[in-house]
Amino acid sequence: MAKKQVTKGKGLYRNGLSLPQPEYTEAKLKDDMALLEALNAAFAGVEGQDYACRAVKEQLFGISGRANGSGPAALFLFAGPPAVGKTMLAQKIGEALGRPFERFDMSGYSDKEAPISLFGLNESYKAAAPGRFTRYIKEHPVSVILLDEIEKAHVTVRNNILQMLDRGTVYDLYYEKEFSVRDCILIFTSNVGADAYNTGDKYNLSTTPVSTVIKALEDGKDPATGEPYFSRELVSRFASGRVIVFNRLRPEVLHRIAVRQLDELAASYLKEYN
């Protein structure tokens, strides 16, 4: 009989095994309160994205104690303008859950060698080595992973990712072995189709219907090739997770961020140089 496994102290079960739905006991309540406190503390510094923070919390509580037979433990698609806190929020999820965090800039995996870099090369080849992505999964099977600007990845990489989201495992050619992502939280970002939901309120984009974002992803085409960025199957997998649109940052929010950064810099100089 499979043994239950849980992460320490943050209320989220590891989902790779067949787990029964827990009863709402006093212990479960304590776990949930600890999770909420950790998320609130971690997200406190994420300015101007109250909706995104709330949506992430809802999704994480939704997977708490849930059996997970396939796919990652949680799947997010962060959409919206650049430099508004998407990467920061992804990092804060890892911080709140006490899990390792890694960002993969997918613009660096756009050529035909990208699948080798990410998923390894068979030992029979001279330059054989594990893939960067699969090696990270091997070493950190319970983690938070950000795949930034996924549309810029090579089409073969995107196809491999679709298979990973379907099966909950990723195959490395060097190790000749599959590694589970069922205990990983995967976060994708994309700028595809931004014009489709960049209308209305200049700053508040979080009210954009999910259906509008999904349609924009389906219709988005690479101007260099005329081909769609994403297959309908991959868009469907994104839609099965939580799609969150981030707001533009208002001037007063940017001001608070700038002041805080300057204060931190001043404190650092004072400590270092008196």
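Please state which of the following conditions residue 229 fails to meet, knowing it meets all the rest: (1) surrounded by fewer than 19 Cβ atoms within 10 Å (Cβ to Cβ); (2) at negative phi; (3) out of contact with any Phe, Trp or Tyr (no Cβ under 6 Å at 6 or more places or on another chain).
(1)
If you go through segment 250-267 one residue at a time, do you hit one that is closer than 24 Å to residue 55 by Cα, among the hydrophobic types (A, V, I, L, M, F, W, C) and in contact with a strand residue (DSSP E or B) (Cβ under 8 Å, 6 or more places away or on another chain)?
So far as segment 250-267 goes, no, none of its residues is closer than 24 Å to residue 55 by Cα, among the hydrophobic types (A, V, I, L, M, F, W, C) and in contact with a strand residue (DSSP E or B) (Cβ under 8 Å, 6 or more places away or on another chain).
How many residues are in contact (Cβ under 8 Å) with a residue 40 or more places away in the chain, within 16 Å of residue 78 (Cα to Cα) and open to solvent by 50 Å² or more (accessible area, probe 1.4 Å) if we restrict to segment 232-244?
Result for segment 232-244: 3.
Hey, residue 166 hits all of (1) over 25 Å from residue 81 (Cα atoms); (2) without any contact (Cβ under 8 Å) to a residue 60 or more places away in the chain but one; which does it fall short on?
(2)
Given the conditions (1) out of contact with any helix residue (DSSP H, G or I) (no Cβ under 6 Å at 6 or more places or on another chain); (2) open to solvent by less than 60 Å² (accessible area, probe 1.4 Å); (3) of a type in the set (Asp, Glu), and given that residue 201 satisfies all but one, which numbered condition is not satisfied?
Tallying (1) out of contact with any helix residue (DSSP H, G or I) (no Cβ under 6 Å at 6 or more places or on another chain); (2) open to solvent by less than 60 Å² (accessible area, probe 1.4 Å); (3) of a type in the set (Asp, Glu), residue 201 fails exactly one: (2).
Would you check if there is a residue in segment 213-224 being within 25 Å of residue 85 (Cα to Cα), in contact (Cβ under 8 Å) with a residue 12 or more places away in the chain and crowded, with 21+ Cβ neighbours inside 10 Å?
So far as segment 213-224 goes, yes, one or more of its residues are within 25 Å of residue 85 (Cα to Cα), in contact (Cβ under 8 Å) with a residue 12 or more places away in the chain and crowded, with 21+ Cβ neighbours inside 10 Å.
Mind listing whichever residues of segment 160-198 are open to solvent by less than 20 Å² (accessible area, probe 1.4 Å), closer than 21 Å to residue 247 by Cα and part of a helix (DSSP H, G or I)?
Listed by number, the list holds a single entry, 197.
Return a yes/no flag: does segment 84-103 have any residue that is over 13 Å from the mean Cα position of the chain (by Cα), within 25 Å of residue 223 (Cβ to Cβ) and modelled with pLDDT under 95.
Scanning segment 84-103, I find at least one residue that is over 13 Å from the mean Cα position of the chain (by Cα), within 25 Å of residue 223 (Cβ to Cβ) and modelled with pLDDT under 95, so the answer is yes.
Give segment 148-165 a look and list any residue that's within 17 Å of residue 192 (Cβ to Cβ) and more than 14 Å from the chain's Cα centre (by Cα), or say none.
151, 152, 153, 154, 155, 157, 158, 159, 162
Residues of segment 215-274 being more than 30 Å from residue 71 (Cα to Cα) and basic (Lys, Arg), which ones?
Correct list: 248, 250, 256, 260, 271.
Are any residues in segment 130-144 out of contact with any Lys or Arg (no Cβ under 7 Å at 6 or more places or on another chain) and polar (S, T, N, Q), and if so, which ones?
Matches in segment 130-144: 134 only.
Can you tell me which residues in segment 161-183 are of a type in the set (S, T, N, Q) and touching a strand residue (DSSP E or B) at 6+ places or on another chain (Cβ under 7 Å)?
169, 180 - these are the residues of segment 161-183 that are of a type in the set (S, T, N, Q) and touching a strand residue (DSSP E or B) at 6+ places or on another chain (Cβ under 7 Å).
When both residues are 6+ apart or on different chains and their Cβ atoms are under 6 Å apart, which pairs have a first residue that lies in segment 253-274 and is open to solvent by less than 100 Å² (accessible area, probe 1.4 Å), and a second that is in a helix (DSSP H, G or I)?
Partner pairs satisfying both residue conditions: none exist.
The values are calculated or read from the model by the stated rules, or taken from the named source; none is laboratory data. Note that the structure is a prediction, hence the values are computed from the model and not measured. Please note: Cβ atoms are built from the backbone with ideal geometry, for glycine as well, and neighbour counts cover all protein chains shown. Please note that ligands, DNA and RNA were not included when accessible areas were found on the heavy atoms of the full protein model with its side chains. Shrake-Rupley method; radii C 1.70, N 1.55, O 1.52, S 1.80 Å.
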